[in-house]
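Encoded as structure tokens, here's the structure I'll be asking about.
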Amino acid sequence: MKSTLRRRLPVAVILLSAPGALALGGLAALGHLAAEWALAGVALVVVAVFAILYPHFTHVEALRRYIEALRSAGASDPLPKPPSGRSPVLAPELDETVVETARERQRRRRELEAAITGNETILSNLPDPLIMLDRGRRIVRANPAAESLFGGNLMGRDLISILRNPNLLSAADAAVAGEGGQVVEFALHGEIEREFSARVVPLTTPALDGTVAILSLHDLTAARQAERMRADFVANASHELRTPLSSLIGFIETLRGPAREDGEAQERFLVIMHDQSMRMARLVDDLLSLSRIEMQEHTPPTGSASLQRTLESVARGLELKARARGIRIELSLPDLPPVVGEQDELAQVFQNLIDNAVKYGRTDSRVVVAARLADPASDPAARRIARPTAAISVTDSGDGIPREHLPRLTERFYRINTARSRELGGTGLGLAIVKHIVNRHRGQLTVDSETGRGSVFTVYLPLAEPYEGLDDMARKAG
Ligand code: ADP
């Protein structure tokens with residue numbers, strides 16, 4: 001381009017000088033002008049035309065270079081320097097118009113790029129998988145959530161290569177053909193089965209990249225699981241209440257009928273009926289506790305509680321029951337600062353844990369309740385709390401808990417041996433209550449158990465106030 005312009009200058013000079021040169025030549029030929037004067041005149045015309053054209057060509061060349069530089073500048077690059085100096089004929093209006101247009105173009109480009117970046121960020125951060133389809137049902141684009149669900153490299157693949165549900169595929173076919181959008185629910189069978197709701201909608205106008213329909217997926221697994229758990233819970237609770245209730249109804253009928261006159265049977269039945277009523281009362285108490293704690297779980301306690309006082313009082317309350325099984329409850333409680341918490345709720349936590357240790361511990365054994373400051377350097381549970389923490393462990397020497405049961409132990413009504421738990425007066429809700437109270441206290445619960453040797457349940461609770469002993473501990477931890 002540059003050279004073309006340069007080449008054009010002599011041509012333009014020759015063309016514009018030609019009429020004058022011809023006229024002078026004509027005059028010389030007719031003898032009206034001496035040949036030397038005619039030549040001098042032609043030279044003068046050429047020089048004058050060159051002098052007039054040269055600045056224009058230079059100006060146009062400067063503008064051309066400026067526009068060229070604008071073309072290659074990125075949206076965020078500074079604008080190239082506009083042509084400097086005054087233009088002889090077209091300036092200053094042309095220069096100003098070109099520079100103004102360049103600025104406007106740059107501003108629009110920045111706005112456009114900002115909008116595109118914003119949209120890309122939204123798309124990349126959308127937690128729900130999103131897939132764009134072309135007319136042939138091929139994947140034009142997929143956001144990172146979709147790529148991590150189906151594995152990377154989805155571009156250009158037919159939807160059927162990642163989703164085979166027939167209802168979903170026919171909904172996708174309808175959407176890419178411009179028919180209405182649809183919602184389809186389906187399950188993805190993998191290591192863990194996941195349930196999804198898929199929405200396929202056609203675009204009102206196809207996008208430049210060929211997208212004609214969008215498929216968005218919403219993971220329903222957690223919601224469905226919660227629904228199932230709620231239904232299971234109601235079924236379990238009803239069943240737990242139904243069993244003692246049926247037994248009570250049965251005994252009442254017997255007492256009113258066949259055993260009406262049998263004093264000895266009446267005495268025996270009343271004992272059983274009392275046990276069954278107590279079992280129902282315990283169950284109702286635990287259900288109420290659980291629902292109260294769950295409602296409060298999102299508001300952490302603000303008070304402080306003394307571990308020593310709480311543990312001593314709970315242990316005293318369980319002494320008789322323990323002694324009946326030949327079990328000794330031993331307390332190892334150093335002088336610890338108070339923890340953040342509500343005394344009554346913490347008492348319920350240790351009541352349930354020590355009661356379980358007594359229930360499931362071996363007869364004629366020990367249950368050890370020990371409190372200490374937890375060392376975050378060596379204790380992952382203390383580290384998770386990220387605050388100075390006390391750890392209270394309840395150790396029994398019972399049968400222990402097989403490893404496979406440990407993850408589900410705090411689920412409501414989950415028991416290793418339901419008959420044994422019932423026989424020992426358990427409701428199956430004790431550890432669920434413990435877990436929710438500990439959660440509310442922003443603490444941690446860990447269970448270590450070895451079959452045949454016993455179990456250790458440890459509760460970690462944040463301390464209510466700074467404790468000097470911790471500095472020593474942190475120093476030791478390095
Ligand atoms: P339960 O009322 O049945 O004791 P929990 O919720 O307190 O209910 O405990 C759930 C189950 O966990 C119990 O049924 C029992 O199988 C098991 N479990 C709890 N604590 C212990 C323990 N210290 N030793 C052995 N098993 C235990």
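What shape does the stretch 72-209 have by the C-alpha gyration tensor, where a ≥ b ≥ c are the square roots of the eigenvalues, rounded means a/c under 1.5, and otherwise prolate means a/b greater than b/c and oblate the rest?
Cα axes put the stretch 72-209 in the prolate bin.
Once Lys and Arg get +1 and Asp and Glu get -1 on their Cβ, which of 97, 115, 174 lies farthest toward the positive end of the dipole of the stretch 89-199?
Positive-most Cα among the choices belongs to 174.
Starting from the Cα gyration tensor of the stretch 238-362, take the square roots of the eigenvalues, sort them a ≥ b ≥ c, and report rounded, prolate or oblate (rounded when a/c is under 1.5, otherwise prolate if a/b is larger than b/c, else oblate).
Working: a/c = 4.01, a/b = 1.86, b/c = 2.15.
Oblate, because a/c is 1.5 or more while a/b does not exceed b/c.
Any idea how far apart residue 123 and residue 233 come out in nm if each label point goes 7 Å out from Cα toward Cβ?
4.1 nm
R0 = 22 Å: FRET efficiency of residue 193 with residue 403, Cβ-based, nearest 0.05?
About 0.35, to the nearest 0.05.
For a protection proxy built on the mean count of beta-carbon atoms within 10 angstrom, sort 7-18, 252-263 highest first, please. Intermediate results must be reported in sequence, preceding the final value.
Numbers: 7-18: 14.2, 252-263: 11.3.
Highest to lowest by the protection proxy: 7-18, 252-263.
Could you tell me what percent of the DSSP beta bridges with both partners in the chain are antiparallel, to the nearest 5?
Approximately 90 percent, going by the DSSP bridge assignments.
Select from the chain the helices, each a whole stretch of DSSP H, whose alpha-carbon atoms run 18 Å or more along the helix axis and whose Kyte-Doolittle mean is at least 0.0; answer none if there are none. Let's see the in-between values first.
Working: long enough: 2-29 (39 Å, 0.94); 35-72 (54 Å, 0.94); 93-125 (47 Å, -1.07); 221-256 (51 Å, -0.18); 263-296 (49 Å, -0.15); 307-324 (26 Å, -0.28); 343-360 (25 Å, -0.35).
Span-like helices in the chain: 2-29, 35-72.
Could I ask something else about it? May I ask you to derive the relative contact order of the chain, considering only C-alpha pairs under 8 Å and at least 6 residues apart, and to give it as an integer percent?
Contact order relative to length: 9 percent.
Same structure again: Run the simple label-point estimate for residue 243 and residue 16 please: 7 Å along Cα→C-beta, distance reported in nm.
10.9 nm
On to the next question. What residues have an amide H closer than 5 Å to that of residue 366, excluding those fewer than 5 places away on the same chain, when H is modeled at 1.01 Å from N in the peptide plane?
Long-range HN contacts for residue 366: 328, 397.
Pop the C-beta distance of residue 79 and residue 225 into the FRET formula with R0 = 60 Å and round what comes out to the nearest 0.05.
It comes to 0.55.
Under a point spin-label approximation (7 Å from Cα along Cα-to-Cβ), what is the residue 157-residue 319 distance to one decimal in nm?
Each label point is offset 7 Å from its Cα along the Cβ direction, giving 6.9 nm.
Which order do the peptides 100-113, 155-168, 367-380 take when ranked by the mean count of other beta-carbon atoms within 10 Å per residue, highest first?
Details: 100-113: 12.8, 155-168: 14.6, 367-380: 17.9.
In descending order of packing, they fall as 367-380, 155-168, 100-113.
Find out how many positive minus negative residues lie around residue 235, taking Lys and Arg as positive, Asp and Glu as negative, among other residues whose Cβ is under 12 Å from that of residue 235.
My count for the surroundings of residue 235 gives +2.
Let me ask something additional. Could you tell me whether the chain comes out rounded, prolate or oblate from its Cα gyration tensor? Rule is a ≥ b ≥ c as square roots of the eigenvalues, rounded for a/c under 1.5, then prolate if a/b exceeds b/c, otherwise oblate.
Working: a/c = 5.52, a/b = 2.83, b/c = 1.95.
Note, shape of the chain comes out prolate.
Values quoted throughout were computed directly from the atomic coordinates according to the rules given, and no laboratory measurement underlies them. Please read all numbers here as calculations on a predicted model, not as lab measurements. Virtual Cβ from ideal backbone geometry, glycine too; neighbours counted across all protein chains shown.
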